[in-house]
Amino acid sequence: MPAYLAAQVVDRSHRAVVGPLRAGRGASGVVVHRGRVLAEWGDPTTVEMAFSVTKTFLSLVAGVAFDDGLLRLDDAVRDAVALPEFRVPPAHAITWRHLLQQTSGWRGTVWGKPDTADAQSVGEPGPPGTSWAYNDVRVNLLALALTALLGRELPDVLRERVTDPIGATRSWSWHGYAGSRLGDLRVVSGGAHWGGGLWISAADLALVGELVRRRGSWDGRRVLSARWLDESWAPCPVRPDYGLLWWLNDGGRVLPAAPSTGRAARGNRGRHLLWVDPARELVVASHWGDDVADLLAAVSAAIPRGATEIAG
């Protein structure tokens, strides 16, 4: 197992990669201000594994279900989908909000990987909503539940409802694990601790960030509701720097050098990043970046809040 994946998996007996991998091509990225590209590096059209940036794309798909009236955040998941994973207490009390905030505390195994295998889970989980843990297995459970709710493969929903309407390319792909299926439907993973996940270029990633910065509207068309984005960026009560699979920099804890007005999708310890700062009308997308915090600080300093011109 590659070192950058193995570091995420604490249980050595569950380090087997079960999803596809893609070798990194090198650093690439783009800076966008008010929809205009200010800077690029590497080749922003190169498709790369996005790692846990994938989680935020699950949130976008959940937003489609929310906007369609299929998903109510504070309803129990078991009321909407007939999956055995939610039948037995305390899992029967897990809501969609719990899954999206990573506060479900769900215990069990998904696609052969137990929740305890994730190195970023700390201690015993409490009842749903009382403890937070960054856990790929539980996020994979969300991917399974959304597939059951929508009755469609999630990449098809994302392409039809989000990426095609904003003019993204079709070079991106979203992968699951060997055998991760729900009947005839392929179920994708919400991260890449065991391979798989979203593979996307920095250019397309920036387009999605620009959609979010525009509060879900694109060229006069409503793609995602502003209400969903407000919910996505509402702080989790037990982890205030986290929303619905978005990192919130309000307290400066996520990226201390960057503005508190930013929100982020992060993967592989920040080496993959989508940064959205509505106050500066700024989007930054980066793959394989080692100095992203410094980049954000420098770019943000050049674009003060509400600025009509770029400084210096």
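The values are calculated or read from the model by the stated rules, or taken from the named source; none is laboratory data. This is a predicted model, so every value here is computed, not measured. Cβ placement follows ideal geometry from the backbone for every residue including glycine, while neighbour counts extend to all protein chains displayed.
ASN140 passes every criterion in (1) in a loop (DSSP other than H, G, I, E, B); (2) surrounded by 15 or more Cβ atoms within 10 Å (Cβ to Cβ); (3) touching a strand residue (DSSP E or B) at 6+ places or on another chain (Cβ under 8 Å) apart from (1). For segment 179-196, the condition of being in contact (Cβ under 8 Å) with a residue 40 or more places away in the chain, surrounded by fewer than 23 Cβ atoms within 10 Å (Cβ to Cβ) and more than 21 Å from THR147 (Cα to Cα) holds for none of the residues.
Restricting attention to segment 113-136, which residues are part of a loop (DSSP other than H, G, I, E, B) and more than 20 Å from the chain's Cα centre (by Cα)? Those that are part of a loop (DSSP other than H, G, I, E, B) and more than 20 Å from the chain's Cα centre (by Cα): VAL122, GLY123, GLU124, PRO125, GLY126, PRO127, PRO128, THR130. Listed by first and then second residue, the pairs with beta-carbon distance under 8 Å, at least 6 apart or on different chains, first residue in segment 74-91 and touching a residue at least 24 places away in the same chain (Cβ under 8 Å) and in a helix (DSSP H, G or I), second β-branched (Val, Ile, Thr) and surrounded by 12 or more Cβ atoms within 10 Å (Cβ to Cβ), are VAL77/ILE94; VAL77/THR95; GLU85/VAL110; PHE86/VAL77; PHE86/ILE94. At least 3 residues being at pLDDT below 95 and either surrounded by 20 or more Cβ atoms within 10 Å (Cβ to Cβ) or touching a strand residue (DSSP E or B) at 6+ places or on another chain (Cβ under 6 Å) (or both) is the threshold, and among the helices (runs of 4 or more DSSP H) wholly inside segment 200-312 those reaching it are 292-302.
For segment 11-36, filtering for residues that are among the β-branched types (Val, Ile, Thr), farther than 17 Å from SER52 by Cα and at pLDDT below 95 leaves 0.
Of all residues in segment 92-112, those satisfying the criterion of being touching a residue at least 40 places away in the same chain (Cβ under 8 Å), more than 21 Å from VAL64 (Cβ to Cβ) and within 20 Å of the chain's Cα centre (by Cα) are THR103, TRP111.
If you go through segment 100-131 and keep only what is in contact with a Lys or Arg (Cβ under 7 Å, 6 or more places away or on another chain) and buried (at least 22 other Cβ atoms within 10 Å of the Cβ), you end up with GLN102, SER104, TRP106.
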